[in-house]
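**Q** There's a structure below that I have some questions on.
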Amino acid sequence: MKVGIPKENKPMEGRIALVPHAVNELVQQGVPVVVESGAGKKSGFSDYEYKQAGAVIADSAQQLYAAVDLIVKVKEPIAQDLALLESRHLLFCYLHLAPNPDLAAALCDIGLTAVAFETVRENGGLPLLAPMSEIAGRVAVQAGAHLLHSSMGGRGVLLGGVTGTAAGRVVIIGAGVAGQNAAAVAAASGAQVIAFDRSAEALKSIERLAPNITGLYAYAGAIEQALQTADLLVGAVLIPGQKAPHIVTREMVRKMPRGSVIVDISVDQGGCIETIRPTDYRDPVYVDEGVLHMGVTNLPGAVPKTASEALSGALLPFVGRLAMEGVMAFPALSDGINVSGGKIVLPALLE
């Protein structure tokens with residue numbers, strides 16, 4: 001199959017699915033690659049670099065979609081992308097369909113096959129979600145620390161504190177990849193971190209990261225108690241392919257200190273905090289119940305160069321197999337199909 005890498009159209013999204021070195025490896029394997037002009041610009045990669053890697057540069061998205069079979073992009077398609085997709089296309093990207101039934105219906109209407117990065121499983125893990133979860137966890141704490149500044153409307157707390165002052169308090173819901181990376185950054189700043197999860201193994205793993213991280217079972221009462229003195233709450237709950245459950249209720253948010261901050265990484269799956277709603281980097285923050293909320297659905301988009309390099313490395317072997325062998329030849333990919341032939345086929349979505 002001929003691979004197409006279009007420019008991302010979501011607001012403030014600068015990532016690209018494959019960097020020039022990865023494209024060159026595909027070309028060396030005999031896989032033709034077409035890249036939309038300017039697609040790598042915001043990640044620091046020029047059309048010239050892609051040409052040198054062996055890619056064909058398409059002058060427009062229309063030209064690219066017409067010329068290729070396999071569309072490899074980062075974020076889910078929006079209106080201008082959907083207008084160019086055809087039933088013959090195989091779409092490979094982050095989709096997060098559980099909280100977005102309109103997009104699921106649109107893909108079914110087109111009749112294409114769509115494989116979501118976040119539902120590809122291999123060796124018990126989520127290899128294409130993990131690199132972005134790492135980045136999202138780290139960015140969430142960096143953004144939250146900045147929003148706590150009084151100039152941003154926050155309560156004026158320095159997360160790590162200084163000599164003679166109390167350290168800030170960070171609560172993390174979910175001790176998976178994103179939660180562990182959020183905890184590591186928060187703990188390194190000197191903050192006191194409490195991480196909640198239902199898995200004993202996850203709690204052991206997160207506590208091993210630093211002595212100022214405490215792992216607790218995710219009882220509603222324990223979460224509510226911890227939030228009453230929290231400066232920053234990071235939501236990092238993931239149930240692959242499914243909408244995130246509301247672990248933190250509006251009543252819990254109401255009891256948080258005024259000017260505290262919430263960053264919900266799981267917002268692209270609907271969010272694990274009742275008061276969260278999707279935002280983007282043009283207008284990322286709103287206040288609800290006196291608490292600053294950041295619901296940006298593409299947190300890693302703030303660091304497109306780093307994110308593109310991390311994602312590309314994880315994607316390359318999967319794209320190569322897709323292009324050379326097809327989606328049904330590799331169980332990790334075939335099991336990650338969300339939509340096919342006008343129907344939703346992923347069991348988690350059907351539920």
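Read-outs: derived from the displayed coordinates by stated rules, not from any lab. As the structure is a prediction and not an experimental result, all values here were calculated from the model. Ideal geometry is used to build each Cβ from the backbone, glycine not excepted, and the neighbour counts take in all protein chains shown.
**Q** For segment 189-231 and segment 268-316, compute the distance between their C-alpha centroids and round to whole Å.
**A** 22 Å
**Q** Can you give the local net charge around GLU8? Use residues other than it whose beta-carbon is closer than 11 angstrom to its beta-carbon, Lys and Arg +1, Asp and Glu -1.
**A** Charge balance near GLU8 sits at +3.
**Q** When the distances between all Cα atoms of segment 8-89 are binned every 10 Å from zero, what whole-number percent does each bin get?
**A** Result, from short to long distances: 18, 54, 27, 1 percent.
**Q** Taking the alpha-carbon centroid of each part, what is the distance from segment 95-145 to segment 19-42 in angstrom?
**A** If you average the Cα positions of each part, the centres end up 22 Å apart.
**Q** Fewest first, what order do VAL27, VAL170 take by the number of other Cβ atoms within 10 Å?
**A** Sorted ascending by nearby Cβ count, the order is VAL27, VAL170.
**Q** Along segment 89-98, what does the Karplus equation 6.51 cos²θ - 1.76 cosθ + 1.60 (θ = phi - 60°) give for ³J(HN,Hα), rounded to whole Hz, x for Gly and Pro?
**A** 6, 10, 9, 10, 5, 6, 10, 6, 7, 3
**Q** Right, another one. Plugging the Kirkwood radius over Cα pairs into Stokes-Einstein for segment 200-351, at a temperature of 25 °C and a viscosity of 0.890 mPa s, what D comes out in µm²/s?
**A** This corresponds to a translational diffusion coefficient of 135 µm²/s.
**Q** Which one of ALA184, ALA105, ALA114 has the biggest mean-square fluctuation once the chain is modelled by GNM with Cα springs under 10 Å?
**A** ALA105
**Q** With θ set to phi - 60° and the Karplus curve 6.51 cos²θ - 1.76 cosθ + 1.60, what are the ³J(HN,Hα) couplings of segment 132-142 in order, to the nearest whole Hz, using x for Gly and Pro?
**A** 6, 5, 4, 5, 4, x, 5, 5, 4, 6, 4
**Q** How large is the helix-only mean residue ellipticity at 222 nm for the chain, computed as the sum of -39500 (n - 2.57) over DSSP H runs with n ≥ 4, divided by its residue count, in deg cm²/dmol to the nearest 500?
**A** Theoretical 222 nm ellipticity from helices: -9500 deg cm²/dmol.
**Q** At q = 0.13, 0.15, 0.17, 0.19 Å⁻¹, what log₁₀ I(q)/I(0) does a Debye calculation on the Cα points of segment 130-301 give, no solvent, two decimals?
**A** Taken in order of the listed q values, log10 I(q)/I(0) reads -0.52, -0.72, -0.95, -1.23.
**Q** Of HIS96, HIS246, how do they rank once you tally other Cβ atoms within 10 Å and put the fewest first?
**A** HIS246, HIS96
**Q** Note down the net charge around ALA182, summing +1 for each Lys or Arg and -1 for each Asp or Glu among other residues with Cβ under 13 Å from its Cβ.
**A** -2
**Q** Could you tell me which of the pairs LYS41/LYS73; LYS2/LYS42; LYS2/LYS41 are separated by over 20 angstrom between their Cα atoms in the structure shown?
**A** From the list (LYS41/LYS73; LYS2/LYS42; LYS2/LYS41), the Cα-Cα distance tops 20 Å for LYS2/LYS42; LYS2/LYS41.
**Q** Additional query: If I histogram all Cα-Cα distances within the chain using bins 20 Å wide from 0, what percent of pairs lands in each bin?
**A** All Cα pairs considered, the percentages come to 31, 53, 15, 0.
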